[in-house]
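Derivation of every value follows stated rules applied to the coordinates shown; laboratory data play no part. Note that the structure is a prediction, hence the values are computed from the model and not measured. Here Cβ is always computed from backbone atoms with ideal geometry, including for glycine, and neighbour counts include all displayed protein chains.
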Amino acid sequence: MMRIAVLVSGEGSNMQSIIDSTKNGNLKGIAQVVLVISNNSNAYALRRAENENIKFVCIEERKNFGNEKSFNGAILEELEKAKTNIVCLAGYMKMIGHVIIEAYHNRILNIHPALLPKFGGKGMYGHYVHEAVVKAKETESGATVHFVEKEYDNGEIIIQQKIEVFKNDSPEDVAKKVLVIEHQIYPEAIKKIIENKM
Ligand code: GAR
């Protein structure tokens, strides 16, 4: 059984899709979510973790730790304590520390709500992505699961899937359509990693 830790900041619907998949979907019998870490104590994702009886911790601001090193150290310590095999960033709105990327190289995945390399990079997250897609009059968008490297949204792509964007779609319309496919492709991408199909 692969042990997954999920890092979240908000709603946690992608985290939920991973948990559901370990219970009833294509991750059943091969993976389990053992830890949830959030930088936001108000994240609804933490309530979800509680409802699922999954251990959760809140590691909030770098400033509470004095420096970057101890903040990242606190995350790393939790990941190690939980004997984590795979780390999934699921709407985690903070840059992940280099020490963590080095310790878990090629074992940290992220989901991005666009067709990378388009609409990625610093400042491109959540609703900003969908606003930019609509503003650019794109006819398609989508979601990408990729490995996390030190540079933003730059690691190897594991799975990418498209949705159509119609002329009158609002950013919220695009977000809704993208989220539906996010929930499908994140568990699929994890399965691909576990089965060594990359
Ligand atoms: C998702 O759309 C995810 O792709 C995006 O935040 C949302 C989180 O929703 N992530 C990013 O923009 C990261 N660059 P969720 O909390 O319901 O899973």
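Does a label point 7 Å from the Cα of residue 64, set along Cα-to-beta-carbon, have any residues of the range 33-58 with amide nitrogen under 20 Å, and which are they? Label zone hits: 35-51, 54-58. Ellipticity at 222 nm from helices only: DSSP H runs of n ≥ 4 in the chain, each -39500 (n - 2.57), divided by the residue count, give -11500 deg cm²/dmol.
How high is the FRET efficiency from residue 99 to residue 137, r the C-beta distance, R0 41 Å, rounded to 0.05?
Details: r = 41 Å, r/R0 = 1.00.
FRET efficiency, residue 99 to residue 137: 0.50.
For the residue pairs 118/192; 55/192; 118/162; 81/122; 28/94, the alpha carbons lie more than 19 Å apart in 118/192; 55/192; 81/122; 28/94.
Database remark: amide H of residue 93 closer than 5 angstrom to the amide H of 9 (H placed geometrically; neighbours at sequence offset of 5 or more, or on other chains; Pro and chain starts carry no H). Evaluated with a Cβ-only charge set (Lys, Arg +1; Asp, Glu -1), the range 36-152 carries a dipole of roughly 80 debye about its Cα centre, given to the nearest 20.
Based on alpha carbons, the Rg and Dmax found for the range 9-96 are 13.2, 42 Å.
Give, rounded to the nearest 20 debye, the magnitude of the charge dipole that the chain has about its Cα centre when Lys and Arg contribute +1 at Cβ and Asp and Glu contribute -1 at Cβ.
Value, rounded to 20: 260 debye.
Net charge dipole, the range 91-198: roughly 40 debye, given to the nearest 20, about the Cα centre with Cβ charges of +1 for Lys and Arg and -1 for Asp and Glu.
Ordering 87, 10, 98 by the projection of their Cα atoms onto the charge dipole of the range 1-105, which places +1 on the Cβ of Lys and Arg and -1 on the Cβ of Asp and Glu, puts 87 at the extreme positive end. Of 84, 139, 22, the residue with the greatest mean-square motion in the GNM of the chain, using alpha carbon springs below 10 Å, is 139.
Quick one: compute the contact order of the chain, relative version, from alpha carbon pairs under 8 angstrom and 6+ residues apart, as a percent. Please list the in-between numbers first.
On the way: 371 pairs, mean separation 40.9, N = 198.
For the chain, the relative contact order is 21 percent.
PRE reach from residue 127 (point 7 Å along Cα→Cβ): which of the range 1-35 fall under 19 Å by backbone N? Residues 9-14 fall inside that zone. Taking the fewest neighbouring Cβ atoms within 10 Å as the starting point, the ordered list for 13, 141 is 13, 141.
Each 10 Å bin from zero holds the following percent of Cα-Cα pairs in the chain: 9, 37, 37, 15, 2.
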